[in-house]
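What follows is a single structure, written as C-alpha cells, with notes after it.
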Amino acid sequence: MGQPKFKRSERIAAMTSILTNHPSRQFSLGVFSQQLDALKSALSEDLSQVKRTLETLGIGEIQSVTGAGGGIRLVPRMPLEAQQAFLAQLTNELSKKERVLTGGYLYYTDLISSPDTVQSMAEMLAQHLDFSQADYVVTVETKGVPLAFMTARLVNRPLAIVRRSSRVTEGSTISVNYRSGSTGSIQQMILSRRAIPTGAKVVMIDDFMRGGGTARGMHDLMKEFDAKVLDIGVLMTTRQPEDKKSGPCTALLYLESVNEETGEVVITPNHALFQGSLGKGDI
C-alpha cells in the first residue's frame, strides 16, 4: 500500500508539529519532502505559512541555514511583553509569605518542577544567553536540573550534570573541591570523563546563586576538561555580594531580601534584560 497523498493543510500541520516538538533542530527540505511525499517547491510555500503563523503567535522564529548542509529550524522566541508579564507573575508568586522557610530560605521547588513554568524560564534563558558557540549545557545536581534540561532541549544541546558524589555508573570521573558561597564549607563536585569531550564550550545553568562559590567550582571543574565556559544563567540571584566568585551571570530575578519573622519577601525582575536587544545571538 503506497504512502497517502497529504493535503496542504495536513502538510502545514505536520511541519508545524515537527518543528515545535524539536526546537532548534535543523531539518532539510528533503526530509520533509520524503516524509510528506511533496515537491520542495510546494513545501517552501507551506513553510511560508508556518513561519507567518508561528511568528504572529509569538511561538518562535523559523530560520534558514544556508550551505550544503542547510535547512530550516525553529528557534523559540518569547515576545518582550510576554517576558515582562511572566516575570511579574513569577515575582508575585515568589513573594508570598507562605514560601518563607526557617533560616530565611525561599520555597520554589513547585515552580521549578512545573513543566509550563520551567519552560517559560528556559525560553527566557535561551533567548538572553549566547548559545551560538556552545557544545553543551552544564548544571550541578540541584533543583536547577529541570531548568537546565529544558534549556538544553530548547537550544538543542546535550546536558551534562555535575554530581555531588561519585557513582559506579558514571565510570572514571574527575573531581574538584570548592568553597560554597552561601555556607563557606568545603564541598566536592564530580563529573564523568565521558560527560563532555576535551575542549568543549559550555553554558552553565543553575537555579540560584548567592556568592557564586558553586559556579566558581564548576569553572574549576571545566578547566580539568580544558572546557571553556561561555556564559552563566540562573533563575535567581542575590544583589549582594555584587562581585560573585564566578564572575558575571545573567539572572531572571533578583532576591533582595527575605524576612523570616515578618514573612516579607522582596524580589525584583532583572529589568536589564529588556534594555537593548532581546537576546545575545542566534542559537
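Before moving on, here are some points about what is shown:
- Mean separation of Cα contacts under 8 Å (6+ apart) over length of the chain, as relative contact order %: 17 percent
- Each 10 Å bin from zero holds the following percent of Cα-Cα pairs in the range 64-212: 9, 31, 35, 19, 5, 1.
- Based on Cα contacts under 8 Å between residues 6+ apart, the range 194-283 shows a relative contact order of 24 percent.
- Over the range 207-278: Rg over Rh, Cα atoms, Kirkwood Rh: 1.05
- Beta bridges by DSSP in the chain, antiparallel share as percent, to the nearest 5: 50 percent
- If you bin all the Cα-Cα distances of the range 110-186 at 5 Å, starting from zero, the percentages per bin are 3, 14, 20, 20, 17, 16, 10, 0.
- Summarising the label geometry, the points placed 7 Å from Cα in the beta-carbon direction at T102 and E170 lie 3.1 nm from one another.
- Beta bridges per DSSP, both residues in the range 145-283: antiparallel share near 50 percent.
- Summed over qualifying helices (DSSP H, 4 residues or more, each -39500 (n - 2.57)) and divided by its residue number, the chain shows a 222 nm mean residue ellipticity of -10500 deg cm²/dmol.
- Relative contact order computed over the range 1-151 (Cα-Cα under 8 Å; 6+ residues apart), in percent: 17 percent
- Under the Karplus curve 6.51 cos²θ - 1.76 cosθ + 1.60, θ = phi - 60°, whole-Hz ³J(HN,Hα) for the range 249-261, x wherever Gly or Pro sits: 9, 9, 10, 7, 9, 10, 8, 7, 6, 9, 9, 5, 6
- Point-charge dipole on Cβ atoms (K/R +1, D/E -1) for the range 8-76, about Cα centre, debye to 20: 80 debye
- Degrees, to the nearest 10: 80-94 long Cα axis against longest axis of the chain: 40 degrees
- P(r) tail, the chain: Cα-Cα pairs separated by more than 37 Å, 23% of all pairs.
- For the chain, built as a Gaussian network whose Cα springs stay under 10 Å, the top-fluctuating residue of V118, V176, V145: V176
- Residues in the range 134-172 that a label on Q63 would reach, taking backbone N under 18 Å of a point 7 Å out along Cα→Cβ: 134-137, 151-158
- Over the range 127-283, the hull volume per residue, using the convex hull of the C-alpha atoms, is 119 Å³.
- With at most 13 neighbouring Cβ atoms within 10 Å, loop GluC sites (Glu not before Pro) (DSSP) excluded, longest segment of the chain: 1-140
- A Cβ-based charge dipole, computed about the Cα centre of the chain with Lys and Arg at +1 and Asp and Glu at -1, lands at about 800 debye.
- Just checking the listed ones, R153, R239, R167: in the Gaussian network model of the chain with Cα springs under 10 Å, the one fluctuating most is R167.
- Cα-based Rg of the range 8-76 normalised by 2.2 N^0.38 Å, two decimals: 1.00
- Among the listed pairs K201/K245; K40/K201; K96/K244; K143/K228, those whose Cα-Cα separation exceeds 29 Å are K40/K201.
- DSSP-defined beta bridges in the range 204-283 - what % are antiparallel, rounded to 5: 35 percent
Since every read-out is calculated from the coordinates, none of them should be taken as a lab result. Values in this document were obtained by computation on a predicted structure and should not be read as measured data. Don't worry about glycine lacking a Cβ; one is built from the backbone with ideal geometry, like all the others, and counts go over all protein chains shown.
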